[in-house]
Amino acid sequence: MAVNDTIADMLTRIRNANMARHQTTQVPSTKMTRSIAKVLREEGFIGEFEEAGEGVARNLVISLKYKGKNRQPLITTLKRVSKPGLRVYSNRKELPRVLGGIGIAIISTSSGIMTDREARRQNLGGEVLCYVW
């Protein structure tokens, strides 16, 4: 099934897999989903991810991280901010701070996809894709 909002789809799949305590989840592979997965890995929210499948049917297999004996998911919340129907942009002065810096905002800038912290450091604004904490 073709999805219009690949980012929301990706976040929902990760959210659902987390709640079901799955070890891995599959997300259709696009340039955007790969970049977001890279940021999530760098920030320590997910484990490794790899591409599987051929041609159009390529998927990202993302391994999820849990903490403690009860396997609490590391990601408590994934929130889509900028949607296809309502884009949310933010200049460098107005970049959001998520939970006072505990969480991250993933920003799509002219220099690629990065966290709010990284965008602030590079003095860049952009589209606020989602919040993660």
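Out of all the residues in region 1-43, which are touching an Asp or Glu at 6+ places or on another chain (Cβ under 8 Å) and farther than 18 Å from G112 by Cα?
V3, V27, P28
Could you tell me whether any residue of region 11-25 is of a type in the set (V, I, T) and more than 12 Å from the chain's Cα centre (by Cα)?
Looking through region 11-25, at least one residue is of a type in the set (V, I, T) and more than 12 Å from the chain's Cα centre (by Cα).
Which of (1) farther than 29 Å from R121 by Cα; (2) touching a helix residue (DSSP H, G or I) at 6+ places or on another chain (Cβ under 8 Å); (3) open to solvent by 90 Å² or more (accessible area, probe 1.4 Å) does R92 not meet, given it meets every other one?
Every listed condition holds for R92 apart from (1).
Tell me, which residue of region 123-133 that is under 21 Å from F45 (Cβ atoms) and open to solvent by 50 Å² or more (accessible area, probe 1.4 Å) is modelled with the highest pLDDT?
Y131
Return the residue satisfying two criteria in turn: it lies in region 30-62 and is of a type in the set (G, A, S) and open to solvent by 20 Å² or more (accessible area, probe 1.4 Å), and of such residues it is nearest to G103 (Cα to Cα).
G44
If you check every pair at least six apart or on different chains, which have Cβ atoms under 8 Å apart with a residue in region 34-60 that is assigned to a strand (DSSP E or B) first and a residue that is open to solvent by less than 40 Å² (accessible area, probe 1.4 Å) and of a type in the set (S, T, Y) second?
I46/S63; G47/S63; E48/S63; F49/S63; E51/S29; N59/S29; L60/S29; L60/T33
Please enumerate the residues belonging to region 63-82 that are β-branched (V, I, T) and open to solvent by 50 Å² or more (accessible area, probe 1.4 Å).
The one that is β-branched (V, I, T) and open to solvent by 50 Å² or more (accessible area, probe 1.4 Å): T76.
When the residues of region 97-112 are filtered to those that are at pLDDT below 90 and outside any helix (DSSP H, G or I), which remaining residue is surrounded by the most Cβ atoms within 10 Å (Cβ to Cβ)?
Top of the filtered list is R97.
Just give me the residues in region 113-122 being free of Cβ contacts under 8 Å to residues at least 40 places away in the same chain and open to solvent by less than 40 Å² (accessible area, probe 1.4 Å), in sequence order.
Across region 113-122, the qualifying residues are D116, A119.
Please verify whether F49 is of a type in the set (A, V, I, L, M, F, W, C) and within 19 Å of A119 (Cα to Cα), treating the condition exactly as stated.
It is false that F49 is of a type in the set (A, V, I, L, M, F, W, C) and within 19 Å of A119 (Cα to Cα).
The values are calculated or read from the model by the stated rules, or taken from the named source; none is laboratory data. Note that the coordinates shown come from a computational prediction; the quantities given were computed from them, not determined experimentally. Every residue, glycine among them, receives a Cβ derived from its backbone with ideal geometry; neighbour counts consider all protein chains shown. SASA here: full protein model, heavy atoms, side chains in, ligands and nucleic acids out. Shrake-Rupley method; radii C 1.70, N 1.55, O 1.52, S 1.80 Å.
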